[in-house]
Each structure stands twice: as structure tokens, then as C-alpha cells.
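Colleague: One structure coming up, written as C-alpha cells, with questions to follow.
The values are calculated or read from the model by the stated rules, or taken from the named source; none is laboratory data. In this text, all values refer to a predicted model and were calculated from it rather than measured experimentally. Positions of Cβ are backbone-derived with ideal geometry, glycine not excepted, and every protein chain shown enters the neighbour counts. Quick note on the areas: whole protein, heavy atoms, side chains included, nothing else; ligands and nucleic acids left out. Shrake-Rupley method; radii C 1.70, N 1.55, O 1.52, S 1.80 Å.
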Amino acid sequence: MKDFISMVDADRLFIENIISLSSFLKEKQKKGELYRPLDGFTAALIFEKPSTRTRVSFEVGVYQLGGHGIYMDNRSSQLGRGEPIKDTARVLSRYVNLIVIRTFGQERVEELAKYSDVPVINALTDEEHPCQVLADIFTIWEYKRNLKGLKVAYVGDGNNMCNSWLIGAAYTGMKFYAATPKGFEPLIEYVEKAKEIAKDTGAEIVITNNPIEAVKEADVIYTDVWASMGQEDEAEKRKEIFMPYQVNRELVKHAKSDFLFMHCLPAHRGEEVTDEIIESDRSIVWDQAENRLHTQKALILKLVRKVNL
């Protein structure tokens, strides 16, 4: 495939290969071994939304592979002055080997990919966050060494993370339970697509409004902020609605004793998760954050050099 703009672009074999390649790259880095197969490689990193983990992991990842990343925000590019994204795509394709974009509407990534001659990676939209889910799946694999049949409980807002996780869990044969308040469920098209994939993989996809049902005997508990970027004006109202979905000592009692806690960060401690849980020995959020670097390096190599392991 040319681009990675949605988890739907993946499949089971693609994810398995990303896991293998990520493990290979992580081991090399931990040993201090240089691996720079992309000498002379350039990547345009378009960030229309602010970021910490996504920006740093992509910039560092491109550099570690031997390439050079060019950071572009709305103040430093013509996109901020209204240039059509299809024009930007065609121009950047003449300069760089890869375009990474973190933006608002999913349609902007799709249009960029349509008019670009080089691979495009979706680094986050309001609808999806597929790079994060690749890192999440790799992190779970590191701890469990098996994915099929594991129960992942996603508790909170049915946002872009939940949408991408539905597809990732379906492809890997996991049991995915999403517990959200009424009216905050994930997009129906992602639920339907996940259930369709699950017919072939044996995955189990359940959407519920009951957090205890989701967390019961869960191997992994996952949450995200209750008000995403651009929803700040709803934050106070959402706190009241979402408080029963807080990941706290009482809720996690229903999970397996060796459950893993995950959060894509940044975390609002005292809201979607208590400090006690995120700082506990069940929390793997820092490994999860680190693995953004390794899985994105693997993704770049797979798209640009068609590397397989």
C-alpha cells in the first residue's frame, strides 16, 4: 500500500509485520547500534494541531533512520494562508520522500494522499489516530506475546482513539469492549467495519454504556481524555457526564489481577484516570509512549522501502 491514513488500510499480516519490524528496530536502538538505511531521505511533517509525542517521535525517528524531517505548522507554510491542500501535496511530492500530517478532518488527509506522489501518514485527525494504535498493539504484544483472545476494555469517550482501536482489535482477533456514556459512542461506520472484520478473525466487538461490563476480566484497560482538542468549551459539562467512567481503584477491581493500564497521553489526572492508577505497577503508559518511536520507524520503512521481516 502507498499510504497509511486509516487503520482500515492495515490488515492482520501488516500489523504482525509492524510488530516484528518494531521489535527489531527497538532492539538495535537499545544496543546502541546505528541503523540508518534512509540516507538522503526527507519527510515533511505537517502539524496543524499541536503535539508533543507525535512530533518528537516522528522527528527523532526520521533522524535515527538517517533522514531529515522538516516541521511545518500553519505559521510556517502556505496552508495557514489558505493554499489548497491538493496544491501543497503536489508541490511537496517534488521535494520530499514522505508526508506526515496531523490535522483536523479526515478528508484533509485523504485529499493529501490523493494528490501526493509520495506516501502519506495520518499522524492524527478528529476521526482516527492509527499510529497510536500501532504503538499500543506492539506494547501489548511486548507484555503478553499473544494478542488473539485478549480482552481490551476502552472506557470513556468514543473518540478518534476508540475508532482506530476498533479496527486494530478486530484485525488482531482481540475482544474489544468500549464503554461510553449514551450519545458518546464511537462512529457507527467503525463499529460496523470492525464487526465485519471480526467474522474472519474471531475478534469480539462490544459497545456498551456499562463500564463494569467492559472492564470485567479485562486484560487491558484503556482510556483517553474526556474532552479532545477543540472540545475545551465542553470540558466542564463532560466531567459530569463522564465521571462514572473514571478509571479508579473501584473500577479496576473488576479486571484481571494482572491487567495492564494504558493511556495515549496527555492525561488529565483526577478526571479520566486517578493518579493512583496511572502511577501504579499496572500502568505501562511510558512504554506505550516510547513505542510510538519504534512503530513509526517501522511504518516509515514499510511504506518507503517496502521492508518486511
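Colleague: Determine whether region 15-22 contains at least one residue that is at pLDDT 95 or above and more than 18 Å from THR139 (Cβ to Cβ).
Modeller: no
Colleague: Quick check on GLY40: is it farther than 30 Å from ILE140 by Cα and either of a type in the set (Phe, Trp, Tyr) or assigned to a loop (DSSP other than H, G, I, E, B) (or both)?
Modeller: yes
Colleague: Right, something else. Of all residues in region 53-62, which are in contact with a strand residue (DSSP E or B) (Cβ under 7 Å, 6 or more places away or on another chain) and open to solvent by 10 Å² or more (accessible area, probe 1.4 Å)?
Modeller: If the condition is that a residue be in contact with a strand residue (DSSP E or B) (Cβ under 7 Å, 6 or more places away or on another chain) and open to solvent by 10 Å² or more (accessible area, probe 1.4 Å), then ARG55, GLU59 are the ones that fit.
Colleague: Of all the residues that make up region 179-190, how many are in a helix (DSSP H, G or I) and within 17 Å of ASP224 (Cβ to Cβ)?
Modeller: 1
Colleague: Name the single residue that is nearest to GLY105 (Cα to Cα) among those in region 141-159 being out of contact with any strand residue (DSSP E or B) (no Cβ under 7 Å at 6 or more places or on another chain) and in a helix (DSSP H, G or I).
Modeller: Ranking the candidates gives TRP141 first.
Colleague: Starting from residues that are modelled with pLDDT of 95 or more and not in a helix (DSSP H, G or I), keep the ones in region 276-309 and report whichever is surrounded by the fewest Cβ atoms within 10 Å (Cβ to Cβ).
Modeller: Checked region 276-309; the qualifying residue surrounded by the fewest Cβ atoms within 10 Å (Cβ to Cβ) is ASP281.
Colleague: Inspect all residues belonging to region 164-174 and state whether any of them is open to solvent by 10 Å² or more (accessible area, probe 1.4 Å) and in a strand (DSSP E or B).
Modeller: no
Colleague: Ok, one more. Residue by residue through region 87-104, note down the ones that are charged (D, E, K, R) and within 25 Å of the chain's Cα centre (by Cα).
Modeller: The one that is charged (D, E, K, R) and within 25 Å of the chain's Cα centre (by Cα): ARG102.
Colleague: Hey, another quick one. Could you list all residues from region 203-252 that are assigned to a loop (DSSP other than H, G, I, E, B) and of a type in the set (S, T, N, Q)?
Modeller: ASN209, ASN210, SER228, GLN231, GLN246, ASN248 - these are the residues of region 203-252 that are assigned to a loop (DSSP other than H, G, I, E, B) and of a type in the set (S, T, N, Q).
Colleague: Being outside any loop (DSSP other than H, G, I, E, B) and open to solvent by less than 60 Å² (accessible area, probe 1.4 Å) is the filter; apply it to region 74-86 and report the residue that is farthest from LYS302 (Cα to Cα).
Modeller: The extreme case among them is GLY80.
Residue-by-condition table, conditions (1) open to solvent by less than 20 Å² (accessible area, probe 1.4 Å); (2) touching a residue at least 12 places away in the same chain (Cβ under 8 Å); (3) part of a strand (DSSP E or B); (4) closer than 22 Å to GLN106 by Cα:
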| residue | (1), (2), (3), (4) |
| --- | --- |
| SER20 | no, yes, no, no |
| ARG36 | no, yes, no, no |
| ILE46 | yes, yes, yes, yes |
| SER51 | no, yes, no, yes |
| MET72 | no, yes, yes, yes |
| THR88 | yes, yes, no, yes |
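Colleague: Restricting to region 178-202, and then to whatever is in contact (Cβ under 8 Å) with a residue 40 or more places away in the chain and buried (at least 23 other Cβ atoms within 10 Å of the Cβ), can you tell me which residue is nearest to LYS148 (Cα to Cα)?
Modeller: Per the criteria, the residue is ALA179.
Colleague: Same structure again: Regarding region 245-266, can at least one residue be identified that is in contact with a Leu (Cβ under 9 Å, 6 or more places away or on another chain) and open to solvent by 10 Å² or more (accessible area, probe 1.4 Å)?
Modeller: Yes: region 245-266 contains one or more residues that are in contact with a Leu (Cβ under 9 Å, 6 or more places away or on another chain) and open to solvent by 10 Å² or more (accessible area, probe 1.4 Å).
Colleague: How about region 140-156: which of its residues are open to solvent by 10 Å² or more (accessible area, probe 1.4 Å), touching a residue at least 24 places away in the same chain (Cβ under 8 Å) and of a type outside the set (Ser, Thr, Tyr)?
Modeller: Of everything in region 140-156, those that are open to solvent by 10 Å² or more (accessible area, probe 1.4 Å), touching a residue at least 24 places away in the same chain (Cβ under 8 Å) and of a type outside the set (Ser, Thr, Tyr) turn out to be TRP141, GLU142, LYS144, LEU147, LYS148, GLY149, LEU150, LYS151.
Colleague: How many of the residues in region 102-126 are surrounded by fewer than 18 Cβ atoms within 10 Å (Cβ to Cβ) and among the hydrophobic types (A, V, I, L, M, F, W, C)?
Modeller: 1
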